[in-house]
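Novice: Below is one structure. I have some questions about it.
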Amino acid sequence: MPNFLNLDVDHIYPEPTNEQFILSFFNRLYMNLHVFNFSLFIVWFGKHRVGKSISSVIFSIILDPTFLDNMEQRIVYSVDDLKREARIIRDKKIKGASIIYDEAGSGELSNQRWYEQKAKRINAILQSIGFLNPFLNLVTQDFMFINSQARKLSHGVFECRRTNNKYTVIKPLWISNDPWSSKPYRNYPLFCESINDDVVSNIYKIGKIRLGRLLDEKTEQKYEEISKAYKNKLLDEEDDEGNEEDDSESMIDKVEDAVNDILSNPDPVLSRMKNNYPVLNAQLIAFQYKLPIRVAQAVKIKAEKEFRNVVK
């Protein structure tokens, strides 16, 4: 008994090191993507310049052997680019391919544009490319900046912070949705230490990942060039939109023309008759007159009101 009590238990059962934890963490992600045929959808968020995009690039390089050679194409800023890359990955049958949707909160995936057709197209793409086992990264400054459907599709939310130039601190959270609750469940990555294969011993939680500047200068510079090109384009587009008053007047004219045309012949956009009043279809109006759906709904309301005035 004295010999047993004097055993160096810490030496026999040492605590796992940080290196072992991070290797297990990436190994689990890699197995899910490349062996078990799961997809991985992560939202990266944090303040400006804290290392969100660079961290997503590092994760992509580690988990996708094809990413580095195709980085310029795999970092996308629009739904059309996302769809293009999804097609390329499908045609080449690339398993576990990583795509980074950078600046997602300011582009077409923005929560402020949830009503637009492009947001619906993005959500359809996100749901339809799951069979490709993609590793999809959405990078934004706030989790709530992206629309609700994209949030529900995400598997993990990684918060990024930085207090120096040496490393970014990532707070990883896995999320899951319950059909009986409007709020998602959040939990840290958990690892169980097993003894004799089936016996579970200690349970460890990863509360943060400290990610250093692992990219070489050439790769980091390449990303900066890709990002800078998009931001310059975004600024130029804002300048081109310039005169909002002219755009508003043009849209008002389109609405009036559409209403007048419908009043003269409602049949192409007619849904049904109700109490001798025509009920119009906003989707048909949007298609017939090439209008955004929200404008088509305004045309529908205005035209139906005019019809009721005529009948009275």
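The values are calculated or read from the model by the stated rules, or taken from the named source; none is laboratory data. Predicted model, so just to flag it, every value in this text is computed and none were measured. Here the Cβ is made from the backbone with ideal geometry for all residues, glycine too, and neighbour counts use every protein chain on show.
Yes or no, residue by residue, for (1) at pLDDT 90 or above; (2) closer than 28 Å to R84 by Cβ:
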position	(1), (2)
S148	no, yes
S154	no, yes
E159	yes, no
I170	yes, no
W174	yes, no
D178	no, no
Y188	yes, no
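Novice: Do the conditions hold for E193, that is, is it of a type in the set (D, E) and within 22 Å of D64 (Cα to Cα)?
Specialist: On the way: of a type in the set (D, E): yes; within 22 Å of D64 (Cα to Cα): no.
So E193 fails the test.
Novice: It is to be established whether one or more residues within the stretch 240-251 are assigned to a helix (DSSP H, G or I), modelled with pLDDT under 90 and closer than 30 Å to S53 by Cα. Walk me through it before giving the result.
Specialist: Going through the stretch 240-251, the residues assigned to a helix (DSSP H, G or I) turn out to be 240-241, 244-251.
If we keep only those that are modelled with pLDDT under 90 too, we end up with 240-241, 244-251.
Still in the list and also closer than 30 Å to S53 by Cα: 240-241.
So far as the stretch 240-251 goes, yes, one or more of its residues are assigned to a helix (DSSP H, G or I), modelled with pLDDT under 90 and closer than 30 Å to S53 by Cα.
Novice: Is it the case, given these coordinates, that D91 is more than 17 Å from E159 (Cα to Cα), under 15 Å from the mean Cα position of the chain (by Cα) and loosely packed, with under 15 Cβ neighbours inside 10 Å? First the steps, then the outcome.
Specialist: Values: more than 17 Å from E159 (Cα to Cα): yes; under 15 Å from the mean Cα position of the chain (by Cα): no; loosely packed, with under 15 Cβ neighbours inside 10 Å: yes.
Taking the combined requirement at face value, the residue does not satisfy it.
Novice: Let me ask something else about it. Let me confirm something: among E72, E85, E19, which residue is of a type outside the set (S, T, Y) and under 26 Å from L173 (Cβ atoms)?
Specialist: Details: E72 fails: under 26 Å from L173 (Cβ atoms); E85 fails: under 26 Å from L173 (Cβ atoms).
Going through E72, E85, E19 in turn, just one is of a type outside the set (S, T, Y) and under 26 Å from L173 (Cβ atoms): E19.
Novice: Name the residues in the stretch 138-170 that are acidic (D, E) and either part of a helix (DSSP H, G or I) or within 26 Å of S128 (Cα to Cα) (or both), would you? Let's see the steps before the verdict.
Specialist: Taking the stretch 138-170 as the starting set, the residues that turn out to be acidic (D, E) are 142, 159.
Correct list: D142 only.
Novice: So in the stretch 163-195, with the set limited to residues that are polar (S, T, N, Q) and under 20 Å from the mean Cα position of the chain (by Cα), which one is farthest from K152 (Cα to Cα)?
Specialist: In the first step, residues of the stretch 163-195 are kept if they are polar (S, T, N, Q); the result is 163-165, 168, 176-177, 181-182, 187, 194.
If we keep only those that are under 20 Å from the mean Cα position of the chain (by Cα) too, we end up with 176-177, 182, 187.
Working: S176: 8, N177: 7, S182: 10, N187: 15 Å.
Top of the filtered list is N187.
Novice: Of the conditions (1) surrounded by fewer than 18 Cβ atoms within 10 Å (Cβ to Cβ); (2) modelled with pLDDT under 95; (3) more than 27 Å from E217 (Cα to Cα), E19 satisfies every one except a single condition; which number is it?
Specialist: Among (1) surrounded by fewer than 18 Cβ atoms within 10 Å (Cβ to Cβ); (2) modelled with pLDDT under 95; (3) more than 27 Å from E217 (Cα to Cα), E19 violates only (3).
Novice: Kindly indicate which of A298, A303, A258, A286 is touching a strand residue (DSSP E or B) at 6+ places or on another chain (Cβ under 8 Å), part of a helix (DSSP H, G or I) and modelled with pLDDT of 85 or more. Full working, then the answer.
Specialist: Working: A298 fails: touching a strand residue (DSSP E or B) at 6+ places or on another chain (Cβ under 8 Å); A258 fails: touching a strand residue (DSSP E or B) at 6+ places or on another chain (Cβ under 8 Å); A286 fails: touching a strand residue (DSSP E or B) at 6+ places or on another chain (Cβ under 8 Å).
From the options A298, A303, A258, A286, the qualifying one is A303.
Novice: Could you tell me whether T163 is modelled with pLDDT of 90 or more and surrounded by 10 or more Cβ atoms within 10 Å (Cβ to Cβ)?
Specialist: On the way: modelled with pLDDT of 90 or more: yes; surrounded by 10 or more Cβ atoms within 10 Å (Cβ to Cβ): no.
No.
Novice: Filter the stretch 77-133 down to the residues that are closer than 22 Å to A286 by Cβ, assigned to a loop (DSSP other than H, G, I, E, B) and at pLDDT 60 or above and list them by number.
Specialist: The one that is closer than 22 Å to A286 by Cβ, assigned to a loop (DSSP other than H, G, I, E, B) and at pLDDT 60 or above: S78.
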